[in-house]
Amino acid sequence: MINEDIISDLNFSTVRAWKDQHSGGKAIGYFPVYAPVELIRACGMLPVGLNGAGDQLDIQYADARFGSFICSIVKTTLEMGLTDHLAPFDGLLFSSICDSARNLCFVMKRNFPDMYIDFLHLPHNPSSASSTEFLISEYRRLQQGLEAMNGRRVTDDSLNEAIILYNENRSLSRMLYDERARQPHVLRTSELYPLVRAGNFLPVEEHTALLRQTLETLGSRSGKQRDSIRIVIEGSFCEQPPLDLIKILEEAGCYIVDDDFVLGPRWFLEDVPLNGDPLRSLADSYLNRAVYSSVRHDFRKPRHKALLEKVHRRQAQAVILLIAKFCEPAYFDYVLFKQELEKENVPHLLLEFEEKMFTFERLRTEVETFVESLLFD
Amino acid sequence: MKWYETLNEAAETQEPPTVSMMISGNCVELLEGFGAVPIYPEVNALQLAIRHQSLDPILFAEELGYAADNCAYVKADIGAYLKGITPTGGKLPKPTLVLCNFVGCNTYLKWFEHVAEFTGAPLYTLDVPFMRTADPSVADIKYVVSQLQELVKLLEGLTGRKFDYDRFKEAVRYSARTEEVWSNIKHLARSSPSPFDAYFDAITLMGPLYVYRGKPEGVEFFELALAELEEKVERHEGVNDQEKFRVVIEGPPPYPHFRTFRDMFAKWQACAVASTYSTVGGLWEFGARHDPEKPFESVALHMLAHNVTNRNYLQRYDQIKRYVEEWGADGVIIHFVKSCRLFSAGQGDMRDYFTKVLGVPTLYIESDLEDPRYFSEAQLKNRIDAYFEALEHHKMTASPSD
């Protein structure tokens, strides 16, 4: 399957294939960000990032359960459950990223009482010395739940091995992101995005091979430079925009030089250290090495400062705030992002999307106008 | 209210120290150990709404970039701060500390971040693990206690005052007493007729409950209220002329249209005998109390387990189910508010549970707690009328053995 097919496949064929190859193997779906995939993997299971249903599923039941003003990914995740699309999964994992996602976890529990469903509380106070100990105990609780469900112990060795595999995967993602920022005309986001996102649905080794393969071909490629401006995309960390929308951004004259798409598989900014205590290392990495987003809280360093650093590091000319409809955390951050960007004279544009949108003409016009205003500035 | 006068004084003289906090699972007792006074941005916001002053600050905040879908409490509070509007016309101080005592509501994390950004006051986020298991674990309690102790150190530095442990313990003792009395009041609503409305009246008692809980004034106030209500029970005096319907209400009220909304129920002689919203600051009617012998642990437990916002959604279903069964309610009203996803995300599933699994007549209506624009009076009235008409029919046709 090509990456574009993998990311829109609601049959989860890659997950089914893995289960066919691993007798008794279990798959755990996680709501898309900050999941300790290493733990799931170390327990011998396949972690799968759930990214909603895109435009592949008409919502028949979930609207009535979640009402108005709730984002699409929450509804499509429930809808997938209610329409049996989540059959390949043995368990689901949610975390404290936002109010809607949290309530979704417990609604899922009621509707799927036989499924293993857990909720991780990720600390919101990393400045406290006690946060690391707390998160270790939280990961241990998850670990025990997974072990009981799967009948298999997680050893330090298996956890270290998983950390090595994911470190390698994330390191390659980072290299590809760097390469794209260096030559966005050679590695386009419409290629990189499905490639990275496919990692949500593949065993990590397979995905690492795909990343490596792409990285190795870059040297022999040539691309045609276009009249485009260097853009950072911010705000699409959870619900994902349609691939067609990303293509339109590029066609309209954007070199996307950084983004927060699919943070799930690439949420550590550097390797998780291997220092003999893997759980501590994972907990410490969430608190001190994780990428910022609107749903991770660290008042030691405001997100708007982090965004600005990203803009400077990538030598971006502008920021597009690409926010999922009804995503309250992103909309809150918009206020402080906007204020900071204006203070620093960084042009910005706010665009709203929904995973299931399929007409983009209005957005195209907005982006084209924005790009033109900068190109001819 | 004397509390706003104190805040006005603090704005003029920087004394006493003030701490911005959220109502839910607040640790007001700890502030007593510093003689510090709470500022509740939520109370500021709802006071503006109930006084029909919330729209201007909301519009101002939207001009700054807040979205239509952001919590209108936040917009009203931030807008009012930046425009220099206060609910009483007095002054509000720059807080000594912005304390995000996060319990459940992720929006608070953003709100307090923004308050700190706009006021320039220091921020501390006290992280309270969400109730993802039936009871808090030892690790959960230890984590919260450690942070409470860090907070004490931080406040000592910021206020220049030494933490008065005895005063803290004393406040915890008063809180336990207030909670006992408040719980007794809540239980009076099990009588028929109920002597008070456990939604609309309970809401108006929330101010004194959260500001004065840990003080002798709080105990005194609620003891007086209890005595009055006990007399009403003896006289069989209810809220309306007759008590035709007993309901449980879930969700915050539409503050900008509080009276109009109340009248929609009064018209049907319907009385709320219990409500989840009145347990935002503390859920005491099932027996939980602060414990002066373990002040830090009991404050931690209060924040973790004994307030509706930090309890998970299914625990809320159970809470409402207990109300229906033990308080003898005829039905459940679910009020979806656009602003608050903590309360509202998934309330359709809640309705499904109560109607289909438990067979409890349930009404689902929508408006907002702060933004006056999201209130469709005619539509709400029609829905409420239709619900009570059906409930009346249901009660008439149900045999006593049902």
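Read-outs: derived from the displayed coordinates by stated rules, not from any lab. From a predicted model like this one, the values you see are computed outputs, not experimental measurements. Positions of Cβ are backbone-derived with ideal geometry, glycine not excepted, and every protein chain shown enters the neighbour counts.
Can you give me the C-alpha center-to-center distance between segment A:151-170 and segment B:366-399, rounded to a whole angstrom?
So the separation of the two Cα centres works out to 55 Å.
With θ set to phi - 60°, apply the Karplus curve 6.51 cos²θ - 1.76 cosθ + 1.60 along segment A:58-68 and write out the HN-Hα couplings as whole Hz, x wherever there is a Gly or Pro.
7, 7, 10, 10, 5, 4, 5, 7, 10, x, 6
If you rank A:ASP157, B:ASP201 by fewest surrounding Cβ atoms within 10 Å, what's the result?
Details: A:ASP157 10, B:ASP201 21.
Final ranking by Cβ density, sparse to dense: A:ASP157, B:ASP201.
What are the ³J(HN,Hα) couplings of segment A:94-105, residue after residue, when phi is run through the Karplus curve with 6.51, -1.76, 1.60 and θ = phi - 60°? Round to Hz, x for glycine and proline.
Calculated HN-Hα couplings, in order: 10, 8, 7, 7, 7, 5, 5, 5, 5, 5, 4, 3 Hz.
Quick one: pull the percentage of alpha-carbon pairs in segment A:168-229 with a separation above 17 Å.
On the way: 680 of 1891 pairs.
Here the long-distance tail beyond 17 Å is 36 percent of all Cα pairs in segment A:168-229.
Rounded, prolate or oblate: which one fits the protein assembly as shown, using the alpha carbon gyration tensor with axes a ≥ b ≥ c (rounded when a/c is under 1.5, else prolate when a/b beats b/c, else oblate)?
Numbers: a/c = 1.64, a/b = 1.51, b/c = 1.08.
It is prolate, given that a/c is not under 1.5 and a/b is the larger ratio.
In whole angstrom, how far apart do the alpha carbon centroids of segment A:46-69 and segment B:237-270 sit?
Using only Cα atoms, the two centres lie 36 Å from each other.
Would you please give the residues with an amide H less than 5 Å from that of B:TYR199, counting only those at least 5 places away or on a separate chain, with H modeled from the backbone geometry?
When sequence neighbours closer than 5 places are left aside, the close amide H contacts are B:ALA272.
From the C-alpha gyration tensor of segment A:107-219, pull out the three semi-axes of the equivalent ellipsoid (sqrt of 5λ each), sorted largest to smallest, in whole Å. Mind showing how you got there, number by number?
Values: eigenvalues 223, 67, 53 Å².
Largest first, segment A:107-219 gives 33, 18, 16 Å.
Residues in segment B:133-173 near a label at A:GLN144, defined as backbone nitrogen under 14 Å from the 7 Å Cα→Cβ point?
Counting backbone N atoms under 14 Å from the label point, the list is B:133-141.
Quick check for segment A:232-377: number of Lys pairs with alpha-carbon distance under 21 Å, counting only pairs 8 or more apart or on different chains?
Value for segment A:232-377: 11.
What is the gain in length, in nm to one decimal, between A:ASN11 and A:PHE112 on full extension, counting 0.36 nm per residue of separation less the C-alpha to C-alpha distance?
Values: separation 101, 0.36 × 101 = 36.36 nm, distance 1.87 nm.
Once the chain is fully extended between A:ASN11 and A:PHE112, it gains 34.5 nm.
Tell me, how many Å apart are the Cα centres for segment A:71-112 and for segment B:95-143?
25
Excluding A:ARG174 itself, calculate the net charge of residues whose Cβ lies under 15 Å from the Cβ of A:ARG174, where each Lys or Arg counts +1 and each Asp or Glu counts -1. The partial results should precede the final answer.
Working: positive: A:ARG170, A:ARG180, A:ARG182, A:ARG212, A:ARG266, A:ARG289, A:LYS310, A:ARG313, A:ARG314; negative: A:GLU168, A:ASP178, A:GLU179, A:ASP258, A:ASP259, A:ASP260, A:GLU270, A:ASP271.
Local net charge: +1.
Could you give the length gained on full extension between A:THR369 and A:ASP55, defined as 0.36 nm per residue of separation minus the Cα-Cα distance, in nm?
110.4 nm
May I ask for log10 I(q)/I(0) of segment B:103-229 at q = 0.09, 0.20, 0.21 Å⁻¹, from a Debye sum over the Cα atoms as equal point scatterers with solvent left out?
Summing over Cα pairs of segment B:103-229 leads to -0.39, -1.24, -1.24.
When only Cα pairs under 8 Å and 6 or more residues apart are kept, what is the percent relative contact order across segment A:77-231? Walk me through the numbers before you get to the answer.
Numbers: 99 pairs, mean separation 22.8, N = 155.
RCO, segment A:77-231: 15 percent.
Tabulate in residue order the Karplus-calculated ³J(HN,Hα) for segment B:155-166, using 6.51 cos²θ - 1.76 cosθ + 1.60 with θ = phi - 60°, rounded to whole Hz; enter x for Gly and Pro.
Per-residue couplings from phi come out as 5, 4, x, 6, 9, x, 10, 7, 5, 9, 4, 5 Hz.
How high is the FRET efficiency from A:SER23 to B:LYS294, r the C-beta distance, R0 60 Å, rounded to 0.05?
On the way: r = 51 Å, r/R0 = 0.86.
The pair A:SER23/B:LYS294 has a calculated efficiency of 0.70.
What do the square roots of 5 times the Cα gyration tensor eigenvalues come to for segment A:247-377, in whole Å, largest first, as semi-axes of the equivalent ellipsoid? Walk me through the intermediate numbers first.
Details: eigenvalues 187, 57, 42 Å².
Value: 31, 17, 14 Å, ordered largest first.
Around A:ASN125, with a cut-off of 11 angstrom between Cβ atoms, what is the net charge of the other residues, counting Lys and Arg +1 and Asp and Glu -1? Provide the component values of the computation, followed by the final result.
Numbers: positive: A:ARG300; negative: A:ASP298, B:ASP127, B:GLU150.
Here the count lands on -2.
When the convex hull of the C-alpha atoms of segment B:163-320 is computed, what volume per residue in Å³ does it have? The partial results should precede the final answer.
Numbers: hull volume 18.2 nm³, N = 158.
Here the figure is 115 Å³ per residue.
Report the label-to-label distance for B:PHE163 and B:MET396 in nanometres (one decimal), using points 7 Å from each Cα along the Cα→Cβ vector.
6.3
Assuming a ≥ b ≥ c are the square roots of the Cα gyration tensor eigenvalues, decide whether chain B counts as rounded (a/c under 1.5), prolate (otherwise, with a/b larger than b/c) or oblate.
Numbers: a/c = 1.72, a/b = 1.40, b/c = 1.23.
Verdict is prolate for chain B.
List the trypsin sites (Lys or Arg not before Pro) within segment B:254-321 that fall in a DSSP loop (any state other than H, G, I, E or B) and whose Cβ has at most 16 other Cβ atoms within 10 Å.
Values: sites: B:ARG259, B:ARG262, B:LYS267, B:ARG289, B:ARG311, B:ARG316, B:LYS321; in loops: B:LYS267, B:ARG289, B:ARG311.
When the trypsin sites (Lys or Arg not before Pro) of segment B:254-321 are filtered for loop state and at most 16 Cβ neighbours within 10 Å, B:LYS267 remain.
Which whole-number percent gives the relative contact order of chain A, counting Cα pairs below 8 Å spaced six or more residues apart?
Values: 596 pairs, mean separation 77.5, N = 377.
Once divided by the residue count of chain A, the mean separation gives 21 percent.
Classify segment A:57-129: rounded, prolate or oblate, from the alpha-carbon gyration tensor (a ≥ b ≥ c, eigenvalue square roots; a/c under 1.5 rounded; otherwise prolate if a/b is larger than b/c)?
Working: a/c = 2.71, a/b = 1.53, b/c = 1.77.
Here segment A:57-129 falls in the oblate category.
Tell me the angle of helix B:41-50 to the major Cα principal axis of chain B, expressed in degrees between 0 and 90 and rounded to the nearest ten.
That helix lies at roughly 50 degrees to the long axis.
Calculate for chain B the 222 nm mean residue ellipticity that helices alone would give, adding -39,500 (n - 2.57) per DSSP H run of length 4 or more and normalising by residue count, nearest 500 deg cm²/dmol. Please report the intermediate quantities before stating the final value.
Details: 17 runs with 205 residues, N = 402.
About -16000 deg cm²/dmol.
Please report the relative contact order for segment B:232-346, taking Cα pairs under 8 Å with a sequence separation of at least 6, and give it as a percent rounded to a whole number.
Values: 136 pairs, mean separation 41.5, N = 115.
Relative CO of segment B:232-346 lands at 36 percent.
Could you give the nm distance between label points at B:GLU220 and A:GLU206, where each point is 7 Å from its Cα heading toward the beta carbon?
Once both label points are built, they end up 7.3 nm from each other.
Counting each pair of different Cα atoms once, what's the Kirkwood radius of segment B:1-73 in Å, rounded to one decimal? Walk me through the numbers on the way to the answer.
Values: mean 1/r = 0.0718 Å⁻¹.
Kirkwood hydrodynamic radius for segment B:1-73: 13.9 Å.
Using R₀ = 60 Å, calculate the FRET efficiency as 1/(1 + (r/R₀)^6) where r is the Cβ-Cβ separation of B:ALA266 and A:ARG226; round to 0.05.
Values: r = 67 Å, r/R0 = 1.11.
The value I calculate is 0.35.
Would you mind checking the radius of gyration and Dmax of chain A based on alpha-carbon positions, in Å?
My reading of the Cα-based Rg and Dmax gives 20.1, 63 Å.
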